[in-house]
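See structure below.
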Amino acid sequence: MSSSTSGRDDDAPDLVCQIDCVHGMVDALSSVRWKRHQDAVMELSAHGIVLTVEESGCLQAKVFLKREYDYAGEGRERFGLSLGLFVDCLNIFSAPGHASAVEIRYPGPDMQLLLKSVDSPDACLYAEIRTRIPDTISWDYNFEHDGNTPVTFTAKSAVLKETIDDLEWPGSSIQIRMQPDPPTVVFKGEGHGDLQVEFPYYANTDLLIVFQCDREVSYRYKYKFLRATTSNIPSSVMKENRRTKVTIGRGGMLKVQHLVSLARPGMPYFRNIGGGTEQTSRIAHIEFFVKPEEDDNDA
C-alpha cells in the first residue's frame, strides 16, 4: 500500500490508501476466511490497519497491514463489514497476469468503504461496501509466554498445512505435544483409530527449522479451529517456501503466525534476519489465536 494524497479539507475522508497489488491483499484476507459468510472488524489508526475475525470465543485471526497511507482520523476508528464481500469486491479489480492498483477511501458519504481502480486505461471500476457498527468487542486473547523460555517452533508452511489436513477426524480434537528431550513436536488425532505425526528437530531441518522448548507441554485443540489456521494459506506462500511460526503460551493459548507478500510480482526482495526472502515493507502479518479445550492439559 502507498500514500495517495497530501492535503486535506473538511470533507476529505479519514483514510486514503492505494493498494499496488490486489492479488496480495486478496491472499492476505483470504487467509483468515474459513467460512463463506463471515463478519470482520476493521480498525484504522496512524500505525496501520488491523482486520479481525473470530468465532465462538475460541478462534481469533488478525491481519496486520503496516501504515503506508494517509490517515487523518482521530485515534482509532472501528467498523464492521462482510469479509466475504470485501474479498469478492477486491477480486473484481484483479485480472490474471495484471497487478491492479486500487484506491481505498473511508468513510464515504454514508460511511461506506469506497474502492476505485486507478491504473486501468480502458475503464474505471468503482465499488462501495456498506459498513456497520460492530456488535461486540473482540475478546482479549492476552497471549503471554508460560515461563522464561517461549515454547515455540517454526516449520515450512506447506508441511504444517499438509500435516493438519492429514489429521482430520470429524468432530475430533488434535493434541499438540512439545518435548525438549529428544526435541520433538507431536501432532495426534483420534477418531476411529488414531494418527500421530512427529517432527523431530535434529533428524530433518526441512520439518522443523526452529525449535525452542525447555519442558514438555501438551494441549488439545478442536480440529475445526486448528485447521482454520492453515486451510487457506495462499499458494504464493507455498511456492515461495515460506515459514509459519507456532507458539504455545500460558494456559495452552496457541498462536500461529504467517507472512503474506503484498508486493507486485517481480519487485526485488530483501533478506530478513531469519534467512528468508521477505520484502519487509510489503508484508501482511497474519496471526491466529486458538484456545485449548478446557481441562485437557497433560503437561
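The values are calculated or read from the model by the stated rules, or taken from the named source; none is laboratory data. Since we're looking at a predicted model, the values are computed, not measured. Virtual Cβ from ideal backbone geometry, glycine too; neighbours counted across all protein chains shown. With ligands, DNA and RNA removed, areas are computed over all heavy atoms of the protein, side chains included. Shrake-Rupley method; radii C 1.70, N 1.55, O 1.52, S 1.80 Å.
Placing R0 at 35 angstrom, the Cβ-Cβ distance between residue 47 and residue 168 gives a FRET efficiency of 0.35 after rounding to 0.05. Pairs from the list 116/156; 116/222; 116/224; 62/188 with a Cα-Cα gap above 29 Å: 116/156; 116/222; 116/224. Each of 102, 19, 32 was placed along the dipole of the stretch 15-130 (beta-carbon charges, centred on the mean Cα), and the one lying farthest toward the positive end is 32. Solvent-accessible surface of the stretch 15-130, averaged per residue with a 1.4 angstrom probe and all protein chains in place: 43 square angstrom.
Scattering from the C-alpha atoms of the stretch 15-130 alone, worked out with Debye: what is log10 I(q)/I(0) at q = 0.15 1/Å? Per q value, in the given order, log10 I(q)/I(0) is -0.66.
Placing +1 on the Cβ of every Lys and Arg and -1 on the Cβ of every Asp and Glu, with no other charges, gives the stretch 15-130 a dipole of roughly 280 debye about its Cα centre. Provide the FRET efficiency to the nearest 0.05 for the residue 210-residue 55 pair, computing r from the beta carbons and using R0 = 30 Å. The calculated FRET efficiency here is 0.55.
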